[in-house]
Amino acid sequence: QVRLVESGGGLVQPGGSLRLSCAASGFTFSQYPMNWYRQAPGKERELVVRITNGGSTNYADSVVGRFTISRDNAENAVLLQMNYLQPEDTAVYYCYTNIFGQRYWGQGTQVTVSS
């Protein structure tokens, strides 16, 4: 079955960096767009960035120039490099894909930016 497992979250000071990973299995990874979402306390889940199967990307305005998404089709993984993190980036980050209309989410990984 489809499985998405995030890792790499943690506590970081403002201005710091983290790299999140999403390990995918149970489907032909290279054929599908992948997405990172985040949900901050008391807020709705929002799209952070999307990468198509061809490698095209779409970033939320709030992370442009700071976050970089990449995918490794050989390893069935999607990565999110997050630099210059700010307190407002604090959230649970989720990996997401949609396969023929079926939505799949990972369990999420907590990112906390605080001094």
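The values are calculated or read from the model by the stated rules, or taken from the named source; none is laboratory data. Only a predicted model underlies this, so the values are computations on that prediction, with no experimental measurement involved. Because the Cβ atoms are built from the backbone with ideal geometry, glycine has one as well, and the counts that use them run over all protein chains shown. Just the protein is used for accessible areas: all its heavy atoms, side chains included, with ligands, DNA and RNA removed. Shrake-Rupley method; radii C 1.70, N 1.55, O 1.52, S 1.80 Å.
So which GluC sites (Glu not before Pro) in region 1-108 are both in a DSSP loop and have at most 11 other Cβ atoms within 10 Å of their Cβ? Answer in residue order: 44.
Summing Lys and Arg as +1 and Asp and Glu as -1 over all other residues whose Cβ lies under 12 Å from the Cβ of residue 93 gives a net charge of 0. Using a/c under 1.5 as the rounded threshold, could you call region 9-66 rounded, prolate or oblate? The axes a ≥ b ≥ c are square roots of the C-alpha gyration tensor eigenvalues, and prolate needs a/b larger than b/c, oblate otherwise. In terms of gyration-tensor shape, prolate. Using θ = phi - 60° in the Karplus curve 6.51 cos²θ - 1.76 cosθ + 1.60, the 3J(HN,Hα) couplings for region 45-51 round to 5, 10, 6, 8, 6, 10, 10 Hz; x is entered for Gly and Pro. Shape call for region 49-102 from the C-alpha gyration tensor, a ≥ b ≥ c root eigenvalues: rounded (a/c under 1.5), prolate (a/b greater than b/c) or oblate? Prolate is the answer for region 49-102, as a/c is 1.5 or above and a/b outweighs b/c.
From the alpha carbon centroid of region 58-76 to that of region 5-21 is 14 Å. The value of relative contact order for the chain, using C-alpha pairs under 8 Å at least six residues apart, is 36 percent.
For the chain, the solvent-accessible area of protein heavy atoms averages 54 Å² per residue (probe radius 1.4 Å; ligands and nucleic acids excluded). Surface composition of the chain: carbon plus sulfur atoms contribute 44% of the solvent-accessible area (1.4 Å probe, protein chains only, all chains present).
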